[in-house]
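Asker: What follows is a single structure, and I will ask about it in a moment.
The values are calculated or read from the model by the stated rules, or taken from the named source; none is laboratory data. All figures in this text were calculated on a predicted structure; none of them were measured in a lab. So basically every Cβ, Gly included, is an ideal-geometry build from the backbone, and we count neighbours across all protein chains shown.
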Amino acid sequence: MQKLGDFKLPHFFNYPPYFTLQPVRDTREKQVQLWKDLILDYCRTQKIFVIGLEEEDFALFSNPVIERSLSHEARAAFLSALVSEGRAEWLDKGHRKCLILWHRVQDWADIIFRFVKDNGLEDSVMTVEEIRSGIESRGTELHGIDRTILMRALRVLEQKGKLAIFKGTSADDEGVKFSM
Amino acid sequence: MRRRPGIGGLQTAAAARDQYRLVGENVAKIRTDMMKEQLATFRSQLEEFARKHKNDIRKNPAFRSQFHEMCAKVGVDPLASNKGFWAELLGIGDFYYELGVQIVEICLATRPHNGGLINLQELCILLCQRKSDREAVSEDDCLRAISKLKVLGSGFEVISVGKKKLVRSVPTELNKDHNEILELAQAQGYVTVEEVERRLSWTSGRAIDALDTLLDEGLAMIDDGHRDGKRRYWFPCVSSNSNPVADT
């Protein structure tokens with residue numbers, strides 16, 4: 001079984017036709033499904049939050065072993081399929097960068113909620129940076145989370161009245177006051 | 001001296017006929033009795049054999065296949081009914097019915113990938129992976145189970161393409177052209193239009209037409225990624241190691 005780092009690649013990754021967009025609808029649906037699962041799986045295990053659309057941006061876009069790589073059209077098709085399912089979002093109008101949501105924003109919000117409860121931080125104040133890289137979040141899924149996703153999840157909680165976000169003097173010292 | 005017609009003559013003739021009939025019936029009865037006796041002996045011998053080798057029949061695919069062969073030679077079908085003494089003795093009916101169900105499941109699970117045509121060998125491997133209680137399953141067993149599935153009229157069929165056997169679980173009719181392409185594809189797992197034309201001496205229209213049908217049926221996948229720029233048609237049903245189901 002071929003591996004990428006410590007990631008076990010599925011069999012279809014070594015089967016050349018999966019690197020060409022299939023013209024027949026049923027076959028293409030199956031193909032897109034396999035790729036979507038693979039991309040989410042890989043990003044989750046490798047903690048990748050943003051992927052660019054260029055071939056060299058993402059390890060899965062080509063397989064040197066069988067000398068195949070995905071065309072631009074195929075790369076866009078697979079990512080668009082993720083976007084339409086709410087598992088990814090384009091970060092720019094030109095569709096060059098894509099935010100991968102292996103947890104949906106709502107799920108990230110739940111993870112933050114549990115993190116706060118587990119650490120007894122119900123009434124405390126933390127900076128956004130602390131949540132991403134502080135001691136408390138070490139070893140949890142929140143450690144190293146993409147800032148964009150984190151802010152979106154925090155806003156979900158803010159709307160529910162679980163916390164308040166306040167601005168510091170610059171972007172990197174935004175703070176959060178939990179009130180759960 | 002000619003016998004004259006008369007009541008005595010008629011009675012003598014009737015008595016003679018009766019005598020003949022009685023003798024004939026007697027002979028037939030003796031024959032049937034002997035036959036019955038032989039059959040009973042044969043049956044008890046076969047039962048004894050089956051009882052003695054029950055474990056071998058259940059566990060050993062080679063033995064099982066030879067047992068079937070023997071039964072076929074003497075005109076017994078141990079799978080004909082689940083009620084007979086075979087079933088009670090061996091549970092062999094259940095064995096094949098279970099196998100049949102698992103074959104259907106695998107065919108359905110892999111259908112999106114291979115278009116409903118699966119290599120018998122691969123089917124066997126997948127079956128063995130699934131059967132947790134490790135009774136080995138041979139290709140011969142698969143074929144028997146599939147032949148039982150025909151009763152369902154669901155279109156399960158085994159087709160021979162070149163040296164390989166493929167199990168078809170969709171009602172697609174493959175014509176001779178399609179079979180020849182599949183046979184050609186066995187060498188590398190794929191073909192190109194050029195190759196089909198050259199090896200089978202077809203016109204380009206004929207090759208493209210047949211390949212398009214196979215594509216539409218979900219039996220083929222295109223691959224435009226090779227350096228030489230020639231489109232390859234891959235056939236998951238003849239390539240091993242391409243099956244996503246094997247991952248799990």
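Asker: Can you tell me which residues in segment B:211-242 are under 18 Å from B:L166 (Cβ atoms) and part of a strand (DSSP E or B)?
Answerer: The answer is B:M221, B:Y233, B:W234.
Asker: Of the conditions (1) in the same structural domain as A:I149 (by TED's automatic domain parsing); (2) touching a strand residue (DSSP E or B) at 6+ places or on another chain (Cβ under 8 Å), A:D118 satisfies every one except a single condition; which number is it?
Answerer: So A:D118 meets the others, but not (2).
Asker: Out of the residues in segment B:118-133 that are charged (D, E, K, R) and either more than 13 Å from B:V167 (Cβ to Cβ) or not assigned by TED's automatic domain parsing to the domain that holds B:E157 (or both), which is modelled with the highest pLDDT?
Answerer: Looking at residues that are charged (D, E, K, R) and either more than 13 Å from B:V167 (Cβ to Cβ) or not assigned by TED's automatic domain parsing to the domain that holds B:E157 (or both), I get B:R130.
Asker: Using beta carbons and a limit of 6 Å, which pairs, at least six apart or on different chains, have the first residue in segment B:145-169 and in contact (Cβ under 8 Å) with a residue 60 or more places away in the chain and the second one part of a loop (DSSP other than H, G, I, E, B) and acidic (D, E)?
Answerer: Qualifying pairs under 6 Å: none.
Asker: Scan segment B:193-201 and give yes if some residue there is in contact (Cβ under 8 Å) with a residue 24 or more places away in the chain and under 14 Å from the mean Cα position of the chain (by Cα), otherwise no.
Answerer: The answer is no; no qualifying residue exists.
Asker: May I ask you to list the residues in segment A:43-69 that are in a loop (DSSP other than H, G, I, E, B) and either small (G, A, S) or out of contact with any Leu (no Cβ under 8 Å at 6 or more places or on another chain) (or both)?
Answerer: Passing the criteria: A:K47, A:I48, A:E54, A:F58, A:P64, A:V65, A:I66, A:E67.
Asker: Go through (1) farther than 17 Å from A:Q31 by Cβ; (2) assigned to a loop (DSSP other than H, G, I, E, B); (3) touching a strand residue (DSSP E or B) at 6+ places or on another chain (Cβ under 6 Å) and name the single condition B:E173 misses.
Answerer: Among (1) farther than 17 Å from A:Q31 by Cβ; (2) assigned to a loop (DSSP other than H, G, I, E, B); (3) touching a strand residue (DSSP E or B) at 6+ places or on another chain (Cβ under 6 Å), B:E173 violates only (3).
Asker: Considering only segment B:213-230, state which residues are more than 7 Å from every other protein chain (Cβ to nearest Cβ) and within 18 Å of A:Q31 (Cα to Cα).
Answerer: B:L214, B:E217, B:L219, B:A220
Asker: Of all residues in segment B:39-97, which are in contact with a helix residue (DSSP H, G or I) (Cβ under 9 Å, 6 or more places away or on another chain), among the hydroxyl-bearing types (S, T, Y) and modelled with pLDDT of 75 or more?
Answerer: Within segment B:39-97, B:S65, B:Y96, B:Y97 meet the criteria.
Asker: Sort through A:S69, A:S84, A:S80, A:S133 and tell me the only one that's over 22 Å from A:E54 (Cα atoms) and among the hydroxyl-bearing types (S, T, Y).
Answerer: Of the residues listed, the single one that is over 22 Å from A:E54 (Cα atoms) and among the hydroxyl-bearing types (S, T, Y) is A:S133.
Asker: Looking at B:L166, B:L182, B:L149 in this structure, which one is more than 12 Å from every other protein chain (Cβ to nearest Cβ), farther than 30 Å from B:K54 by Cβ, within 19 Å of the chain's Cα centre (by Cα) and surrounded by 21 or more Cβ atoms within 10 Å (Cβ to Cβ)?
Answerer: Selected residue: B:L166, the only one of B:L166, B:L182, B:L149 that is more than 12 Å from every other protein chain (Cβ to nearest Cβ), farther than 30 Å from B:K54 by Cβ, within 19 Å of the chain's Cα centre (by Cα) and surrounded by 21 or more Cβ atoms within 10 Å (Cβ to Cβ).
Asker: Restricting to segment A:74-129, and then to whatever is of a type in the set (K, R) and assigned to a loop (DSSP other than H, G, I, E, B), can you tell me which residue is farthest from A:W35 (Cα to Cα)?
Answerer: The qualifying residue farthest from A:W35 (Cα to Cα) is A:K93.
Asker: Checking B:V158 against (1) in a strand (DSSP E or B); (2) among the β-branched types (V, I, T); (3) within 14 Å of chain A (Cβ to nearest Cβ), only one condition comes out false. Which one?
Answerer: Going through (1) in a strand (DSSP E or B); (2) among the β-branched types (V, I, T); (3) within 14 Å of chain A (Cβ to nearest Cβ) one by one, B:V158 breaks only (3).
Asker: Residue check: is A:V32 out of contact with any strand residue (DSSP E or B) (no Cβ under 7 Å at 6 or more places or on another chain), within 11 Å of chain B (Cβ to nearest Cβ) and among the β-branched types (V, I, T)?
Answerer: Judged against the criteria, A:V32 is not a match.
Asker: I would also like to ask the following. With the requirement that a residue be farther than 27 Å from A:H143 by Cα and not aromatic (F, W, Y), what does segment A:66-79 give you?
Answerer: A:I66, A:E67, A:R68, A:S69, A:L70, A:S71, A:H72, A:E73, A:A74, A:R75, A:A76, A:A77
Asker: I've got another one for you. Determine if segment A:146-158 includes at least one residue that is in contact with an Asp or Glu (Cβ under 9 Å, 6 or more places away or on another chain), at pLDDT 90 or above, under 30 Å from B:R227 (Cβ atoms) and in a helix (DSSP H, G or I).
Answerer: Scanning segment A:146-158 turns up no residue that is in contact with an Asp or Glu (Cβ under 9 Å, 6 or more places away or on another chain), at pLDDT 90 or above, under 30 Å from B:R227 (Cβ atoms) and in a helix (DSSP H, G or I).
Asker: Something else now. Could you tell me how many of the residues in segment B:196-210 are closer than 15 Å to B:N179 by Cα, away from every other protein chain (no Cβ under 14 Å) and outside any loop (DSSP other than H, G, I, E, B)?
Answerer: Selection size over segment B:196-210: 8.
Asker: Name the one entry in A:D118, A:D123, A:D107 that is more than 18 Å from the chain's Cα centre (by Cα) and without any contact (Cβ under 8 Å) to a residue 24 or more places away in the chain.
Answerer: None of the other options fit; the residue is A:D118.
Asker: When you go through (1) over 27 Å from A:T140 (Cα atoms); (2) within 9 Å of another protein chain (Cβ to nearest Cβ); (3) touching a Pro at 6+ places or on another chain (Cβ under 9 Å) one by one for A:N63, which number turns out not to apply?
Answerer: Going through the list (1) over 27 Å from A:T140 (Cα atoms); (2) within 9 Å of another protein chain (Cβ to nearest Cβ); (3) touching a Pro at 6+ places or on another chain (Cβ under 9 Å), A:N63 breaks only (2).
Asker: Please pick out the residue among A:S80, A:S71, A:S84 that is among the small types (G, A, S) and facing chain B (nearest Cβ under 10 Å).
Answerer: On inspection, the qualifying residue turns out to be A:S71.
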